[in-house]
Amino acid sequence: MERQQPASMPQDLSEALKEATKEVHMQAENVEFMKNFQKGQVTREGFKLVMASLYHIYVALEEEIEHNKEHPDYAPLYFPEELHRRAALEQDMAFWYGPHWQKDIPYTGATQSYVRRLHKVGRMEPELLVAHAYTRYLGDLSGGQLLKKIAQKALDLPSNDEGLAFFTFPNIASATKFKQLYRARMNTLEMSPEVRERVIEEAKTAFLLNIKLFEELQALLTQDTTDQSPSTTPRHRRQEGSRAQESTPSKTPRGKAQLNILSQAPLLRWVLTLSFVVATVAVGLYAI
């Protein structure tokens, strides 16, 4: 006798992912710092920090996508010209950190954990890449334009979008139509019930990895107000390449210049910085 799927479970993978991530979605939306961002309380330091984290994350994600672009559980979702963000983020890194940005950008512990997970999935369970691509790219397309406008106004950025290339998708004429196409492609993936369930669980993991990034920054705020000694500041490292860093986690911490600037800032500045960090990732990510 054929086993029937529960009526409450959506048939389409895209709907199943949306339904299954509602709870963790709500956890992210309830972060108090997001309210500050919506008020336009954005600092350059906070913007630079979160953009650096996104750079590391997208380098790892897109490396694994390239390695698995012909995998049957990912191939229909391969849209490098439309979606890939690495080149855009490299432009933004040069704008915010200068010509030597590869040596200067921070690389936090939570970001490293996110990167390690992406590489593990790409190498050992490539069928789960769809969960990370769905979470990141559709989130960028959903909330990216709002973030762009708020940051542009709050930071008094040039109208030519310098420093905001990440939020611009020049090869997508209509975000709404493209998201419909992307979801339709997701729903054509032929997955066993076991693989489908693992993809859904991985989408939850992707949300939690981002929340952990917020928690790390909140801990940094608390730590900075009680002890500003160099021995207790969070470790940052530069990235010559995501894979190289993953295999050599014991390299000397980098990014001290950024930490010194932040350590000298008053408490209010930290609050505004962290509010923006949370909102930048969360609004774009969770507006799926």
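The values are calculated or read from the model by the stated rules, or taken from the named source; none is laboratory data. Predicted, not measured: the structure shown is a model, and the values here were computed from it. Note that we place each Cβ from the backbone using ideal geometry, even for glycine, and neighbour counts take in every protein chain shown.
Quick grid of which residues meet (1) within 15 Å of Tyr134 (Cβ to Cβ); (2) surrounded by fewer than 18 Cβ atoms within 10 Å (Cβ to Cβ):
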{"residue": "Val59", "(1), (2)": "no, no"}
{"residue": "Pro72", "(1), (2)": "no, yes"}
{"residue": "Pro76", "(1), (2)": "yes, yes"}
{"residue": "Pro99", "(1), (2)": "no, yes"}
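Pairing residues of segment 104-117 that are among the charged types (D, E, K, R) with residues that are at pLDDT 95 or above, at Cβ distances under 8 Å and at least 6 apart in sequence or on separate chains, gives Asp104/Tyr97; Asp104/Gly98; Arg117/Thr205.
Matching residues to (1) modelled with pLDDT under 95; (2) over 20 Å from the mean Cα position of the chain (by Cα); (3) not hydrophobic (A, V, I, L, M, F, W, C):
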site: Arg123; (1), (2), (3): no, no, yes
site: Ala133; (1), (2), (3): no, no, no
site: Leu181; (1), (2), (3): no, yes, no
site: Glu197; (1), (2), (3): no, yes, yes
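Among residues that are closer than 22 Å to Ile172 by Cβ, under 13 Å from the mean Cα position of the chain (by Cα) and touching a residue at least 12 places away in the same chain (Cβ under 8 Å), Leu83 is not included.
For residues that are surrounded by fewer than 18 Cβ atoms within 10 Å (Cβ to Cβ) and either hydrophobic (A, V, I, L, M, F, W, C) or within 26 Å of Gln27 (Cα to Cα) (or both), tally how many sit in segment 181-195. Counting residues in segment 181-195 that are surrounded by fewer than 18 Cβ atoms within 10 Å (Cβ to Cβ) and either hydrophobic (A, V, I, L, M, F, W, C) or within 26 Å of Gln27 (Cα to Cα) (or both) gives 4.
Listed by first and then second residue, the pairs with beta-carbon distance under 6 Å, at least 6 apart or on different chains, first residue in segment 143-171 and loosely packed, with under 13 Cβ neighbours inside 10 Å, second acidic (Asp, Glu), are Asn171/Glu81; Asn171/Glu82. Here segment 86-121 is the region considered, the condition is being farther than 25 Å from Leu189 by Cβ and hydroxyl-bearing (Ser, Thr, Tyr), and the residue that is farthest from the chain's Cα centre (by Cα) is Tyr97. For segment 84-102, check the following and say yes or no: at least one residue is under 20 Å from Phe207 (Cα atoms) and at pLDDT 95 or above. Yes, some residue in segment 84-102 is under 20 Å from Phe207 (Cα atoms) and at pLDDT 95 or above. Taking segment 1-52 as the range and being modelled with pLDDT of 55 or more, surrounded by fewer than 17 Cβ atoms within 10 Å (Cβ to Cβ) and of a type in the set (Gly, Ala, Ser) as the test, only Gly40 passes. Against the criterion of being surrounded by 19 or more Cβ atoms within 10 Å (Cβ to Cβ) and assigned to a helix (DSSP H, G or I), Gly139 qualifies.
Just one of the listed residues (Leu146, Leu155, Leu138, Leu128) is over 24 Å from Arg196 (Cα atoms) and touching a Lys or Arg at 6+ places or on another chain (Cβ under 7 Å), namely Leu155. Answer with yes or no whether Val121 is surrounded by 20 or more Cβ atoms within 10 Å (Cβ to Cβ), farther than 20 Å from His56 by Cβ and either hydroxyl-bearing (Ser, Thr, Tyr) or touching a residue at least 24 places away in the same chain (Cβ under 8 Å) (or both). So Val121 does not fit the description; no.
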